1. Does the range A:87-105 hold any residues that are open to solvent by 10 Å² or more (accessible area, probe 1.4 Å), within 14 Å of A:Ile155 (Cα to Cα) and either within 7 Å of chain B (Cβ to nearest Cβ) or small (Gly, Ala, Ser) (or both), and which are they?
2. Every residue in the range B:271-292 that is open to solvent by less than 10 Å² (accessible area, probe 1.4 Å) and more than 12 Å from chain A (Cβ to nearest Cβ), please.
3. Going by the conditions given, is B:Arg54 surrounded by fewer than 20 Cβ atoms within 10 Å (Cβ to Cβ) and in contact with an Asp or Glu (Cβ under 7 Å, 6 or more places away or on another chain)?
4. Take B:Ser441 and tell me if it is open to solvent by less than 70 Å² (accessible area, probe 1.4 Å), farther than 23 Å from B:Leu310 by Cα and either more than 33 Å from the chain's Cα centre (by Cα) or not aliphatic (A, V, I, L, M) (or both).
5. Among the residues of the range B:297-343, what is the count of those that are under 30 Å from B:Phe554 (Cα atoms) and among the hydroxyl-bearing types (Ser, Thr, Tyr)?
6. Within the range B:589-607, count every residue that is open to solvent by 20 Å² or more (accessible area, probe 1.4 Å) and within 13 Å of chain A (Cβ to nearest Cβ).
7. For the range B:527-572, what are the residues that are under 30 Å from B:Ile594 (Cα atoms), open to solvent by 20 Å² or more (accessible area, probe 1.4 Å) and of a type outside the set (D, E, K, R)?
8. Any residue in the range B:79-88 that is surrounded by fewer than 23 Cβ atoms within 10 Å (Cβ to Cβ), touching a helix residue (DSSP H, G or I) at 6+ places or on another chain (Cβ under 9 Å) and at pLDDT 80 or above?
Amino acid sequence: MTLLSVNHLKKEYKSKRSIQKVQALKDVDFQVNEGEFIAIMGESGSGKSTLLNCIATLDKPTAGHILLKEDDLANLKNKDLAAFRRDHLGFVFQDFNLLDTLTVKDNIYLPLVLAKNTKGKEEKLAVLSKQLGISDLLDKYPYELSGGQQQRVAIGRALITKPELLLCDEPTGALDSKNAADILNLFDSCHQNGQTILMVTHSSLSASHAGRVLFIKDGRVFHQLYRGDKSEQEMLLAINDAMTNLLGGQS
Amino acid sequence: MFHFKLAFDSLRKNKESYLPFLLASSSAIALNFLMQLLIYAPGVKGLMAAEIVRLLLVLGQVIIGLLSIVIMIYSYSFLNRGKQKEFGLYSILGMQKKNLLKISFIQQFLSFCISLIIGLISGFVFAKVMIMLLIKLIDGSSFKMTLSIPALLFTVLLFALIFIILTIVDTIAVYRSNTLDLMKSEKKVEGQPKNRWILFLLGFIALTIGYGLSLTVPTPLKAVKQFFFAALLIIVATYLLFIAASTLILKTLQKNQSYYYQSKHFITVSNMLFRMKQNAVGLASITLLSTMTLVVSLTTATMFFGRSNLMNDLFPTDTIVRTTGNNLSLAEIKQLAKKDSVSIKKAYEVTTSNNETLQLNKSGKLSKPNTSESSQLRNVAFMSQENYQKLTGKKIRLSDQQIALFQGAGKNTADSNLFKTHSLEMDGQNYQITKTLDSLSGYPKGSNQLYPQLVIITADSAYTKLVNQFVDVSDLSSAFSTHGLSLGFAQKESQQFYLDITAKGARKKAFYENIKQKSQNPFFDLEDKEDNQKIANALYGGFFFIGILFSLSFILATGLMIYYKQISEGKADQSQFEILQKVGMSEDEIKKTIRSQIVWLFGLPIVVSIVHLGFAFPMIQKLLLAFAVPMTSAVYWIMAVTITLMVIIYFLIYKLTSRTYFKQVTAFRD
């Protein structure tokens, strides 16, 4: 069943100093099924971050529609956006974006508190922290943790509301290879539990964990690659081939 | 030219901290120049009691000068942070320290020139306005102020010196730092705030003692002695409690799950916990500055507005003549008045013993003082029944064991209650108090003595006995006794004449001179109410004027501190609110959270300083009594007005600075 549907999305920016418009997204069109783990790849400036921001309701598309289940995000009123994000989406960022003033525990509770839905928060946290391997870090502050640990906490924060869609923006970008692998394995296990994940990355290794990879170039979906029954290693090779083609097309 | 451009560019980029620095230095220059202009103004020299006013002005100059230095260094440190980062970049781009210093020099010189021009002009204009105020306050008529060269020179030199100090600080900073340090942003990860029970306890004890001292201070003299100690305790307590108590309270709130895990408290409490750690010292300083503003303006305003009451208490009539030796009589004075064609509207004549400092203990025993406990000391004069009748024209019948009492200046309820229930024991004998008098015609209600005044009216026989027992000849008279002057009982008494006259200027002077001639007495003392009023006007008007200037500079300092606090926090909070928005906090909620945080951080200092003022009030009252300023109900009005004004000004500062803060915090949405 289709969870997210992106239809002919277009996004233009007006730069401050010139009249000329920049087209970040020209015509992006794809669907994400429930339970899918999908990676979006592209060079810097390809428009992948803009796409993510539009899906995250942090930015409004110039034309086209984004539907989560049956709901058109364009119909959401400004004041409902925050609540929508809170209730339906989970975010994982490259630089973790944890609040230094809150303990690990409180950072994870944050979305629940904002949603005024703190009932049974302890049980939710207990399950999640065990799964993420951060049970003994709960009373620490983010600045006391390593990057990998911080990212786990951030994933915990994203998942505690059981969001329909987990959005990840370069989740391994600030991590070393060991920690990055750990985090990716974590995504794998989330995915196996039925979590729908949409990840934006320019790392082939990260993307090789996904079930499907979309390649974006110049504001369009240029190519897509299904994993099928490929192993991670084979998938990585396939992605690298596709990327070479992508770059080759440029020159 | 290249360096000049870079210097200018850097200032422009840092305008958020540079403009307030310019404001601080220009206002500091303006205030100092104003003080200097006044000190050198020919108008001040021409004033009645010019010496007092000038002394006050010089005193004010010293304090404002010191405060200026502190404010400028403080605001410069903020400017410097941004600048250092930029210098780091230049350094990476290959600029040598020599060049950096050159840029820094140009900047310093530029700032100096700009603030000097603004400061001197506005200082001069402001001085013109303030002089009109000063004239009004000290009841002057015209006042000459010129653009005096020494004043100008002093101001320019003082600030050249301050800027040189800042440049030296700068030079040291540039030389000591390496490039990477310069590049690193000011952001440092703050550790988790810890409970500090010992600091809290110390602060709490200091506060209790400080408040206790103020509430229990028994006499004006004690108040003078204890004021600085109490102030010191409260200053220490404010710092300690802001540091420790805030963390304790917030941590307790955090432990209360049902309170803490509510969206409206969650972010505020956890944020405040960290904020307080970084800002406790700043907030405490703001609190103390606004407390000082309140105390200074309340004290000086009360002095100023209480001065006519004071004068009326000290001088129930226009002229007071005091002499010893019974060689002047009211009849003679009236004769002189006739001769000088001065008409006397009212006249009282009274003879009392000289004032003597005696000790009154809690069971009503009056004795020669053998205590350091100043709360038991009274300023006592004896008056015979006969003299009382002569003064008031009222009959009074006192037996040898009976007395009547008049409580003059410094009248206090503890004494009144004592006199209601006890008799007075003097020289081993009990005297029954038959009457306590509400007024004693002609006799002044005020005095410039530190101890409460007590007039004891006795039967004539007891009078002689008591005066011989208790009253010494004054030091002045004993000095004369060594020169072989005859001294007798007469030297223990003084005659006082209280006169209401209608005469001005030269005629009055001639009249006074004639009385003096007539008395032929070395212990002659004549005081004129009008002269004293002028002195009081100059003194208390001068005090009030200085008070206003102080308050202005304190408020300026407070405003700057708040501003810098806001912009430094705004930068830090910006990323935090950006995260919150992404995680699903709505704009409304963010605004609410920001607002409640600001309200707390703003409200706390002003509330605490009003509480401080409340507790300091009894002590201020006593302190004013030490300056002979009587307390009337007007003081409550003055307090209310002072607090209201302060709150309004504070609120304006809040409005101005929180706008900048809001803009900064919500900048991510652009």
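1. Hits for the range A:87-105 are A:Phe91, A:Asn97.
2. Listed by number, the residues that qualify are B:Ala280, B:Leu283, B:Ala284, B:Ile286, B:Thr287, B:Ser290.
3. no
4. No; evaluated as a whole, the condition is false for this residue.
5. Residues meeting the conditions: 5.
6. Within the range B:589-607, residues that are open to solvent by 20 Å² or more (accessible area, probe 1.4 Å) and within 13 Å of chain A (Cβ to nearest Cβ) number 3.
7. B:Leu552, B:Ile555, B:Leu556, B:Met561, B:Tyr563, B:Ser568, B:Ala572
8. no
The values are calculated or read from the model by the stated rules, or taken from the named source; none is laboratory data. None of the values given here were measured: they were computed from a predicted structure. Cβ atoms come from the backbone with ideal geometry, glycine included; neighbour counts cover every protein chain shown. Remember, those area values only see protein heavy atoms, side chains included, never the ligands or the DNA or RNA. Shrake-Rupley method; radii C 1.70, N 1.55, O 1.52, S 1.80 Å.
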